[in-house]
Every structure is written in structure tokens, then in C-alpha cells.
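Notes follow the structure.
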Amino acid sequence: MQTLTLALLLRAVPDMPSISPFPGEKFFLSTRLGWLLLLFMLVFGWTSASHISVEQYPQVELPVAVIYVKWPGARVEQVEREVVRRIEENLQSLSFIRSIKSGAGDHHAVIYLDLDLDGNMPDMMAQIREQVREAEARIPPHLNVERSLIVQASIANLPQMKVLLSGVSIQDLTRAADTLKDQLSVLPEVGKVQIYGRTPHEVVIKPDYAALAALNIGIQTLAAVLRDASRYGIWSSGQARSLASGEPLDASGFYTGYFVDSRQLPDIPIATIEEEGGMRVIRLADISRVVHQPNTRSGLMRCSNPGERSIPCVMLTVSWVAGSDIQTSSSHVREALRAGVVQLQHQTSLSGLQLQFIDDTSEHVGYEFNMLLQAFAQTLIILMVVLLLMMSWRSAILAGVGVIISMVGAIGVLYITGSSINIITIVGLIVSMGLIADIFILILEGLFDALHQQGLTFNQAASFTLQSYFFPSLAGQMTTLLALVPLFFLNGVEGRFLRAIPHTLSAIIIVSYLVAFLIILPLSRYIFDSHTGSQKLAATPWAAPYLERGKSWLGHYLRTGPIASQKKARRYCVITAIAIVTGLTAAALLPEQTAPPVDDPFIDIKIILPEPLDRKTMDTVAREVEIFLDGQHEIQRYQLFPSSQPPMSRMDYTSLIAERDNDSQFGVSLQLKPRDLRDRNSGFIVSDLRSSLIQLMKSWPGTEIRFFHKGGRSLLVPAVQIVVTGQDLNVLSTIGINLQKQLRGIPGVYDILNSQGGGLSDWRYAPDGDAMARYGITSGDLAEEMALTFGDPLPLGTLAEGRGDSDVLLSSDHHDLNALPRVTGGGGEKRLLVDLTVREPGQRYQALTHFNGQRSLLITANIETDDTGLLLSQVEALIQSIRERLPEGYSLVLKGDNEAIDENHSDAMMALMLALALIYLVLVLALDSYLLPLFVITMIPLAMAATAVIFVLVNIPISFYSMIGMIVMAGIVVNDGIVVIAAIKHQLVKKRQLKDRDFIDAVVNGGVKRLGPVLSTSLTTILGLLPLCMVDARWLGLCGTLIVGLSVSTVLVLVILPTMVFLAGPKCFRLANVDKI
């Protein structure tokens, strides 16, 4: 009991109290004020509960910024040189950027910034935007690089809802998805809506190169005419002048261009040529075909439901605005989607449209909340049972009511401090029950003793309780709060998530103190006053006889064992020291984890084929995967994403640096059946799926498979990230290939990917300067000609027709340089491209990455193991062996979970050391001794040592959650130790003169008399945590540490602590009567 500790410590309670008025006694003991405060607390808590946001996790502001840049038509080397390097040079001047990772690919670049954890995010983002815009201003305008998109990474940006549309044609599905996206985007709680599987209709203009050659028309000319034809403009009255008179027109106008109706496209005039009969107009139909088609270059997304064949579909993902209530947001979005689909179904072509919700975070949150609330209710029941066993039933009921009122009030405090109700806060409420029950036990036991044992009236007993315990209990609560203070400064993503636990504990500890003295104490008059001195009030707790037997046995054991002599006491202390060393040794043997594994039914898979394949082959591969997935009985449904990454892979910010959608990959997003309908945890299923898919894809050698499965991790960042820096791409490539090969030899390392994506052989066409000068052709003309011929389709505009908006593209399927009379020179002569270029064999990479401005290579991998620390040490050993053989100027750095474990453990150890220092300072002031606080604090490493030994025996890994449990345990163990010290001091104070036998009696009785309070505190906390352990595996480390540590410390403080005090002698208490021994 933390509050009883300093109550006995700072104030020696006499056998018969002197009842002097307590300052403000009438205020504290006013029943009218008590009823008003009770009503206020209930209304305040209930109102707050109805308005407080409900989220899955606390809103954590991630110190990460991501910059996206698009440059259509540019090669990877150009993007690196012209864009990435310029932006990186500017960003290097910002001191709050911890690291810069960037990746350049064909047509795009991604720059990932790891920012200062303690910096002001709005200010940092403003400075980043300023530097990026300044760098963009130095990029030559004629390169046509698009303006970059700069975003701050946030948990709120992750998809919270996934919706499938099916039942109609793919074009109609696309139109319906676009309409629903527009409707959702206006909702205030919706942050971002993305569409997967969207297949827009296209009008594709395909040039006839034979006709172009015959008419001597270059594709540049065709593209220029079509660009002009797609232009439009608007003018108002007075802004335009009549072509004939030059006077202002009287009416506003709209110049439409030719792109109004696709039927007009074939008639667009391209050029005129002179023939015998006069001038002939060459129209688009003469030199090209106009084809209407859906955009199926990337294939169609397909979805499967249980027992059904896969069908074409489109998926929408929705994320919420940060701080939105997840339940309310989900309800509004569901209503909007249903209403939107009903409205669309009135259209003939969309009458068969079907809507299916396949993932809704609110449902998972609701399930987790229900499980945690069940654990909460079970903990409350256990608490009441323990109180009824250890106290009179009247006191037990009052204590239980006090706990409930404190919980309600704490929700109000969380609301006004801007917190939300989430999984972490509910866990904090469950953990706090055993802690806050202590103060109610304190005042009600004190009140009960004053009424029953000392025969005081209620007013006298209440006044005595107030005088005896108000300020000491305040100091006791402060001791517990000080133990929590370091937890507010935990860094890293996990640390910031878990800050909600000390926040919740602090709120409820403060509220419980006010409830105990301002509500429970005055209103207990209605329970105790009418029964003062009666036998009903004097009824002993059910556990009293068993406690008496326990006290008798403990006293006998102490007298005949450790306190029998100084020699035996020293022997026990030596054994204690050995136990601490053994525990520390055992701690070094504990397996390590970044986060406990959690069953997660959502799994995404990315399959990357060794080289781009034709559409037919890609469809064959996808069909093989479909057949395989259909045969997996533990999968409920899945979706296939041709030529695209699955949604969850886009949450992996590290993979964004080097990986983009392309035709050589496809994604799979699958959902497992509910946990009660399958025999295995999701982690085992992922392992089996990986092995089976590797076997399946052996028909396509070189295929890479990567799984995305959170399974308890807060972010989808690869567990292993190896950064290789150097300048020569070929050397980097060689190092990367060697690393990949050796990593595959370490059991438990999977999903190994190389950011370069492998080198690709190609031909490089360099301008022939002499030939270009001879024909008067500029390098710009040549570059545009090459891009039009061999590049991506050229977008020309859109057509708004009955089937929806249609993209108009100029697409070239020609690949024969020798057959293309192309570029027009200064004298009007057209020359073949082959005459103007020098062809050389070369090699290019799919991506070029940088780390802190240096060219680098990024190797990423995931791991499957029960001991993350051991596996990562093997990876570190491998890297060290390779590092020793690296050429000069090249380096290797290991990041990922290795860095996270070091950071988390370092933060946790610093927090623990700071907590112990703060507790020691408070105890020195309270105990007026430097030695006694050391005895009390010694119980903490003893409890930790015992916990480490038991964890090793049952193979429980150590995690960040376990270390948080140790810090919380420190406050509880210390307070249990203070209970014993306080009782010993109280026994010494009662003696006017002390003899040796008196000191031994005081030490023995101190431990014996406080057996009840120590057991009460430990049992309420230990038993109350059992339901939480069984709800979710992620809390096993936190709960296991508290349960094991408190179980062991209960024995330690009753045996080892009195032994240490006996060995130190009575002078350590610095009492006046001690000097006379």
C-alpha cells in the first residue's frame, strides 16, 4: 500500500490519538460537499465519455517527412542528377534532419527525411518546404519537372476502411468509384480516399508509320498538331477583339478546340500537301487509327469471397483526419457510401453495382475494446473479491465504489487534456486498479480501526484519519508519480505510443486521491455512523484467521532464520547479492523482441518478377497465384492488384524510396478467417504461405516475394535495413549481390530486396553532334522525337462523353529506328533518327538511392524468430566480416530493428535509472536516512533478477513492454518496502528505552504486522493483471513483468528487507531512544 507507507513513516500514530482540529476539517468532512463532488464527478466523467474521441491507438506525430517528385519521360540518371541532388544539397543545411534517404527511378523520385524527435513539426515542415521550393527554382524550366508533393508521415494517413465495388463492367466500376470518391472527399472526417483497380476508358491514337513515311510527316508534327487541338480557353466580354474590326466582342466566349466529341477526332486536319489536283488536307484518319478501349495495360484487379470465383472489382481505401472519432467517422462514411451506391444503382448500367465492406478499423477496435472491457470488468470483480477477503464488507464496498468513481473521473481528465480513449489508455486503466485501491484501503482501514478498536465517534475517527493520513498519503502518491515521470520522455515510435500509459496512470492517481478524501471519507458516515461500536461493524474479514496464521509463521521463521543471529543475517545478504548477479546474468540470456507478436488477419504480398513480361504471361502468373490462394482454407478473401503494389506496402516508407508500381509485379491483399475459426496464429500462416509461394514461383526464376504483416509492429518498416555507401554503381551492385546471397544463408531472414532492382542491359543512343549540326537539328528536337517514339503514351486531354471522362493518348507501338523518317532539320529536310545518333551498349538500374547525400545501396529484409536480438547479432557479424573487406571509400551501416532495440532499451534504462534516483531522493527526505532508502531500493534489482530468471525458464522474451513493466513495478515494490520500514519505525517509537531484544521484536513485528497491507496491495495488482495477460499476447511482457516481480517482491520485502535492517542495527533510524541501546 503506497499511501499507508508514508502515513506511518512521517507520522508515528499513537495508541490513543489526540484529536485536534485538522485545518479545513469541516470542508473535508462535509457530506453536502461530498454529494456535490460525487454528482459532479459522475456528470463530468459521463459527459466526457460521450464526447471523447475513440481511436485504435494514440495520435503520434511521426518525425518523418516524405517528398515525392514526378518528371515524366526522364530516366533514372537524369532524375538523380537534376532533381535529387539539387534538393539534397538544400536540405543538408537543416540541422534538425537526422538522416536523408532518397531514391530516384524512371520518371520519379522519393526523398525520405528522418527528423528530430523533439522538434516542432509545423516549423520543421515549413523550413523543408522552403528549401525544396528554392531547389526547384534552380531546375531548368524546360525540363518540365512537376512541382513536388511534400507530406508529413502520420498514423492517421493509414487506411482505416477498405470497400469493394463489383457487379458491373470495369468501366462502370471506375466511374462509380470516381463518383463515390468525390462524395467521400467532402466529409470533414475523411482525410484521403484512394482507388485501386481503377481502369479508365481511353481514346488511343495509334499512328500508321507507313502512311507517315509516304506523306513525309514526322510524329513530332502529329504530336504538335494534336496538342494544339486539345487546347481550350475562356474569355469574357471586352477581353477579346473581333478578328475583322478589332473592336471588343459584346459577349463572353469559350474556345473548345477539337476535343469535344471523339467522333470529331478522325477529321482533325494534320497537314496539307500539294498534289496535281491542288492542295490536299491530311486528316488524322489518313495517318492513324482511333481506338476506344479500357486501360487494361496493367490488367484488371480481381477479388475473391469465400467459396466464390474471383471477379473484376475496384477497391476504395479511406483514411480519417487526425483526431477524428473512429466510430463516428466509420458510421458517417458507411452511410455516405450506402446512399451513394443506391443513387448510382438508379442508372441502368449500374443497376447491378454491389458494395462490400471488407475491412473497417472501427470493427477491429470494437472487438479489441470489447476484449479489454471484459478484462476491465474481470479485474474489477477480482479487486472486489480481494477486498472482501482482506477487509470488512462495508469497507470493501466503499473501496470498490471509490475505484469506480476514480475511473470515471480519470476519463474526464483525459478528455480535457486532449487525450482519446484507445487501446493504450484502457490498458493503463486496468493496470491502475491495483494501485489506486491502495489509498481507499488506507483511509477505510484507518477509519475502521479508530471506530472499532479505539471506540471513537465517527467525527473523531474521521478527523483522526484526516490528520494521520492526508499529507503522508499525498507524499505517497507523489512517490508513485515520480516513478512514472521518466516514462513521459520515452522516444521512438513505440515510446511515444506508450506515453499514454503514464499519462493515464497519473490522471487516475491524482483523481483517486481527491475522491478518497473529498468523497469517500465524508460519505462513509452513512455506512459507518449508524453502526459505530456494533458487532456488525466489528465483523472481521474472511481472511483474518488465515492472516493470523501467516503472521505467526512469518514471525517464527524470521526469529529462527535470518534474524536469529548476525551471522545468519549476513548469509542471507550474501545470498541476496548472488541472486542479483545471477539475475543479471540470466537477463543477458533472455531472447529479445522489438514488439510482442500479435495475431493480425491482414496480410499483403508483393510478387516481383525478374523482368517485365507480356500481359498474357502476367495473367498466367496471376492465375496460378489465384488457384493457390483458393486452396488455402484459412484465407477468407483476397484481392489481386496487377502491376501494382498492395495497399499495405505503401505504408512501408522505406520501400517507397526504391520501389514503384511497374509491369513486372503484382500485389495480393488477403484476409484470414476470424481467429476462432482457425487453429493457428497469423505468424505461422505467413511462414507457410511464404514457403509455398516460393515453391510455386520457381517456374519464374529470380522472382522476389515480400510479405507485409504488422503482427504487433507499430509501423511496417523492414526489420533489417543495410545501407551501403560508395560512388561506383558497379561496385555497389557487386556488394549488394554478395550481401543478398549471404543473408539468404541465415535461417529466419526472408524477403530480401535490393533497392537497385538489378542491372538491366540496354542500348544507349547518344547524339551525333556533327550530323545534327550538318542538318540543323537541335538536341531538343531529337530528344522529343525519341520520347514520342519509344516513351510512354502522350496524354493529350480528356473527353466528357456518356461513358464518363475518357483520356486521349497518342501511343506509338513502333520500335524500328531504321524505318522512321523523323526529325525535321533547319532546311526542312527530314532525317532518320539512326542517322543522328550513335548507338552504344550500356546498363541501367531501376533505382538509384542516396543516404545523407551519398550514393548508396539499400538492402532490406524481414525476419521470423523468437529472439530478434540473437538473429540481428548474426546479421551484424556478417556485416562486420564484409565491412572489413570493403574497398576504400565504401561503408556498411545496419539499421531497422537493431537500431530500434538499442534505442528502446537505452531509453528504458535511462528512464529506470532516473525513476530510481527520484524515488531515492524522496525517501531520503521522508526517512531522514541515507541507508534505509538503499535497503528499500535494493528490492527492485532483486525483483528484476527473479523476473529475469523466471522469464528464462519459461522462455518469455524481453521487449520494450517488459521494460516499461519494470519501471511501473519499481514504484509498487518501493512502496511495499516502505510499509515494512514504517511498521518497524512505529514499533521503535513506542518504546521509551530500547534493548537489543526490543529491536529484534520491532524488526520481526514490523514485517509481521504489515503482512496484510503488503498482501492486499500485491494481490489486487497481481490477480487484476491476469485477465489482461489472456486478452492479448502483446501485453504479456508488461503484465508478466509486474506479476512475477510483485509476486517475488512480496516475499522479499517481508524477509530480506527486515534482515537488512537487522544487520544495519537500530541506529540507522536516527531516533532519540536508539542511542540508549
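Only the coordinates and a few stated rules stand behind these numbers; no lab work does. All figures in this text were calculated on a predicted structure; none of them were measured in a lab. When we count neighbours, we look across all protein chains shown, and the Cβ atoms used for this are built from the backbone with ideal geometry, even at glycine.
Could you line up 465, 179 from fewest to most neighbouring Cβ atoms inside 10 Å?
The order, fewest Cβ neighbours first, is 179, 465.
How many angstrom lie between the Cα centre of the range 677-692 and the Cα centre of the range 21-99?
Between the Cα centres of the range 677-692 and the range 21-99 lies a distance of 35 Å.
What is the set of long-range amide H partners of residue 855 at a cut-off below 5 Å, with H atoms built 1.01 Å from backbone N?
726
Listed here are the pairs 101/710; 567/1067; 70/710; 70/206; 616/698; which of them are more than 21 Å apart at the Cα? Walk me through the numbers before you get to the answer.
Values: 101/710 23 Å; 567/1067 19 Å; 70/710 30 Å; 70/206 26 Å; 616/698 18 Å.
The pairs that break the limit, which is 21 Å between Cα atoms, are 101/710; 70/710; 70/206.
Within 10 Å, count the other beta carbons around each residue, average over each peptide in 923-932, 437-446, and list them highest first.
Top to bottom by mean Cβ count within 10 Å: 437-446, 923-932.
Around residue 895, which amide H atoms from residues at least 5 apart in sequence, or from another chain, sit under 5 Å from its own amide H, with H modelled in the peptide plane?
721, 722, 723
Could you check the spin-label model distance between residue 955 and residue 459? Points 7 Å from the Cα along Cα→Cβ, value in nm.
Distance between the two pseudo-spin positions: 6.8 nm.
Work out, step by step, the length gained on full extension between residue 404 and residue 118: first 0.36 nm times the residue separation, then minus their alpha carbon distance; give nm to one decimal.
99.3 nm
Neighbour counts of other C-beta atoms within 10 Å: give me 528, 488 arranged from fewest to most.
On the way: 528 23, 488 12.
Ranked by crowding around the Cβ, least crowded first: 488, 528.
Simple spin-label model, 7 Å along Cα-to-Cβ: residue 997 to residue 934 in nm?
3.2
Compute the signed sum of charges (Lys and Arg +1, Asp and Glu -1) over the other residues within less than 14 Å, Cβ to Cβ, of residue 438. Kindly include the intermediate steps, with their values, before the conclusion.
Details: positive: 1010; negative: 445, 976.
Taking every other residue near residue 438 into account, the sum is -1.
By counting other Cβ atoms within 10 Å of each Cβ, how are 751, 267 ranked from fewest to most? Spell out each step's value before the answer.
Working: 751 20, 267 11.
Ranking 751, 267 by Cβ neighbours within 10 Å, fewest first, gives 267, 751.
Which net charge results for the neighbourhood of residue 334, defined as the other residues with beta-carbon distances under 15 angstrom from its beta-carbon, given Lys and Arg at +1 and Asp and Glu at -1?
Local charge sum for residue 334: -4.
Using R₀ = 51 Å, calculate the FRET efficiency as 1/(1 + (r/R₀)^6) where r is the Cβ-Cβ separation of residue 544 and residue 126; round to 0.05.
0.15
Averaging sequence separations of C-alpha pairs under 8 Å and six or more residues apart, then dividing by the length of the range 63-153, give the relative contact order as a whole percent.
Dividing the mean separation by the residue count of the range 63-153 yields 46 percent.
Tell me, what HN-Hα J-couplings in whole Hz come from the Karplus equation 6.51 cos²θ - 1.76 cosθ + 1.60 at θ = phi - 60° for each residue of the range 178-184, using x for Gly and Pro?
Each residue's phi maps through the Karplus curve to give 4, 5, 5, 4, 4, 5, 6 Hz.
Output ³J(HN,Hα) for the range 667-673: one whole-Hz value per residue in order, computed from phi by the Karplus curve 6.51 cos²θ - 1.76 cosθ + 1.60 with θ = phi - 60°, and x for Gly and Pro.
x, 10, 10, 10, 10, 7, 5
Please report, in debye to the nearest 20, how large the charge dipole of the range 63-153 is about its Cα centre when each Lys and Arg carries +1 at its beta carbon and each Asp and Glu carries -1 there.
In debye, rounded to 20, the range 63-153 gives about 240.
Run the paramagnetic zone check for residue 731: 7 angstrom along Cα to Cβ, then residues of the range 880-918 with backbone nitrogen under 14 Å.
Backbone N within reach: 883-892.
Lys and Arg at +1, Asp and Glu at -1: add these up for the other residues within a Cβ distance under 12 Å of residue 1004 and post the number.
Within the 12 Å Cβ shell, the charges total +3.
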